[in-house]
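Written out below as C-alpha cells is the structure these notes cover.
Values in this text are rule-based calculations from the coordinates and carry no lab data. Everything quoted here is computed from the prediction, not taken from an experiment. Cβ placement follows ideal geometry from the backbone for every residue including glycine, while neighbour counts extend to all protein chains displayed.
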Amino acid sequence: MDLTWSASEESFRAECRSWLEEHVPRPGLPSGDTSEGFALHLEWERLLHRDRWAVVSWPEAYGGRGASLWEWLIFEEEYYRVGAPQRVTQNGIFLLAPTIFEFGTPAQQDHYLTRMSSAEDLWCQGWSEPNAGSDLAGITSRAARDDAAGGWRLTGQKTWTTRGAFCTHLFGLFRTDPDAERHRGLTYFLVPLDAEGVTVRGFGRLDGDEGFAEVFLDDVFVPDGDTDPAGGGTLGAVDQGWGVAMATTTSERGLTLRSPGRFRATAGRLVDLAREVDASGCLSELVADRVADAWIDAEAYALFTLGDVTDIVEGRSPGARSSYNKIFWSELDVRLHEVALELLGADAELDGPWMKGYEFALSGPIYAGTNEIQRNIVAERVLGLPRK
Ligand SMILES: Cc1cc2nc3c(=O)[nH]c(=O)nc-3n(C[C@H](O)[C@H](O)[C@H](O)COP(=O)(O)OP(=O)(O)OC[C@H]3O[C@@H](n4cnc5c(N)ncnc54)[C@H](O)[C@@H]3O)c2cc1C
C-alpha cells in the first residue's frame, strides 16, 4: 500500500491550510454548547460556507468542492491541527446528510442539503427517549396517519437532544405501526422545530453548558416525504425507518463523525505538553511511556481508518465494523486526556481546555451508542458469536 499523498492532494492540503490559518478565530470561540458560543460558531459556519469549506466532499451544487474522501481526510487533519472551532452543524452534515444522500428524494436532497451546508437549517438528533436509549427499538413516540391532510401527526418525547435548544430541525424515529415487531413499524421523520405542537426545553450538562434539550411533540403535523420538503416529512419508506436509521448510526460511530485528524491533533498537543513538563525536569519515565502509547494509538486509528476510506471508495459500507471505530476512538480520547491531566498534576484543575476536553471525552463511551452495546454488536455481527 502506498501511503504517500499525490501532488494534487498536497496542493489541496496547502490551500486549506492557508485558508484556515488566515481565518480561524483567535482566541478560540466559547463553547458552542452555550447560546452565546453557538451564535459565534454559526458565524464561523457561514464563513466556511462562503468560501466552500463547509462540506468539501459534497458536490458543488450543494455548496461543496466535489473533493475525494482522501481530500476530506486531509481537510479534517488541517482543521484540527490549527484548532479550528467545533462543528455545531455536525449532526446535519456528518450524520443526517449521508442518510439523505442515500435515501432522500431528489427534491429532499436539493432542499435539505443546500440549506444544511449554508447553516440555514440546523439539525439535532431525536433518537433517545426517556425509556429508549441503548434499546433504541423501544421508542414509543408515534406517528399517526392523517390521510385528509396528506401526512402524519407526531406525538411523544425525545431527550438528550444535543444542541436541540439552538437548532431549527430534528430528525428521528417514530412508530408508525404499533402492531408490528419492535424493529419494524418505525419510520424516519424530518421535523421543523417551529412546527405547531413542538416544545423544546433546554437543560444543562454536568460541565455547566446548556447543550441538551428535551423535545415534546403534541400532534405535530408533517407532510409525506414526496411533497414539499420545506414542511418536513418522511425520509425513506414508511415502516422501514430502522434500516434508514442504521445508515445514520454507521456514520455516527465510524469515520464521519470522528475523523482521525481530531485525535492526531490532541496527541500532538499532548506531546507538546510533555515536552514542557520535561523541560522543567518533572517528566517521569512512566508518564513519558504513557504519552508515547497514546500518541501511537492516535496514529494507529489514523492508519485503521485508511482501510475504511478504501472500503467506502470501493463501494463497501463499513456497516457493523464502525462499532470497532467507535470503541477505539472514544477510549483513545479518554486516554489522551487522562495522560494530559497526569502531566499537569494538581494544575489540571486550573487548565480549562484539557479539563473541559477530559469531561467531554468521558461521555464518548456513552453517546453514539454505548461501548457495551458496540461490543455486543462486534461480538454478534462481526465475530459471529452466539447471542446469550
Ligand atoms: C454527550 C451526549 C450527547 C448525546 N446526544 C444525543 C442526541 O443528540 N440525540 C439523542 O437521541 N441521544 C443523545 N444522547 C443519548 C445517548 O444516545 C444515550 O445516552 C445512550 O444511547 C445510552 O442510553 P441511556 O442513557 O438511556 O442508557 P441506558 O440504555 O439506560 O444504559 C445504561 C447502562 O446499561 C448498559 N446497557 C444497556 N443495555 C445493555 C445491553 N444490552 N448489554 C450490555 N450493557 C447494556 C449501557 O451500556 C449503559 O452502561 C447523548 C448522550 C450523551 C452522553
Taking 0.36 nm per residue of separation between E359 and D2 and subtracting their Cα-Cα distance, the length gained on full extension comes to 124.7 nm
Give the angle, between 0 and 90 degrees and rounded to the nearest 10, that separates the Cα long axis of helix 241-253 from the longest principal axis of the Cα atoms of the chain.
-> 10
For segment 190-219 and segment 51-126, write down the distance between their C-alpha centroids in whole Å.
-> 23
Could you pull out the chymotrypsin sites (Phe, Trp or Tyr not before Pro) across segment 301-348 that fall in loop regions by DSSP (anything but H, G, I, E, B) with no more than 16 other Cβ atoms inside 10 Å?
-> none
Helix 35-50: angle to the longest alpha-carbon principal axis of the chain, degrees 0 to 90, nearest 10?
-> 90
Find how many whole Å separate the alpha carbon centroid of segment 1-33 from the alpha carbon centroid of segment 279-348.
-> 20
Quickly work out the A237-to-A39 label distance, labels modelled 7 Å from Cα along the C-beta direction, and quote it in nm with one decimal.
-> 4.7
1/(1 + (r/R0)^6) with r = Cβ-Cβ of A195 and E22, R0 = 51 Å, i.e. FRET efficiency to nearest 0.05, evaluates to 0.80
Arrange T176, T105 by Cβ neighbour counts within 10 Å, fewest through most, would you?
-> T105, T176
Points 7 angstrom from Cα along the Cβ direction at D278 and R381: gap in nanometres?
-> 4.2
Top of E349, E210, E120 by mean-square fluctuation, Gaussian network on the chain, Cα under 10 Å | E349
Among D239, D308, D272, the residue with the largest mean-square fluctuation in a Gaussian network model of the chain built from Cα contacts under 10 Å is D272
What full-extension length gain, to one decimal in nm, is calculated for N131 and E102 as 0.36 nm per residue of separation minus the Cα-Cα distance?
-> 7.5 nm
On a 0 to 90° scale, report how tilted helix 69-81 is relative to the longest principal axis of the chain, with both axes built from alpha carbons and the result rounded to the nearest 10.
-> 60
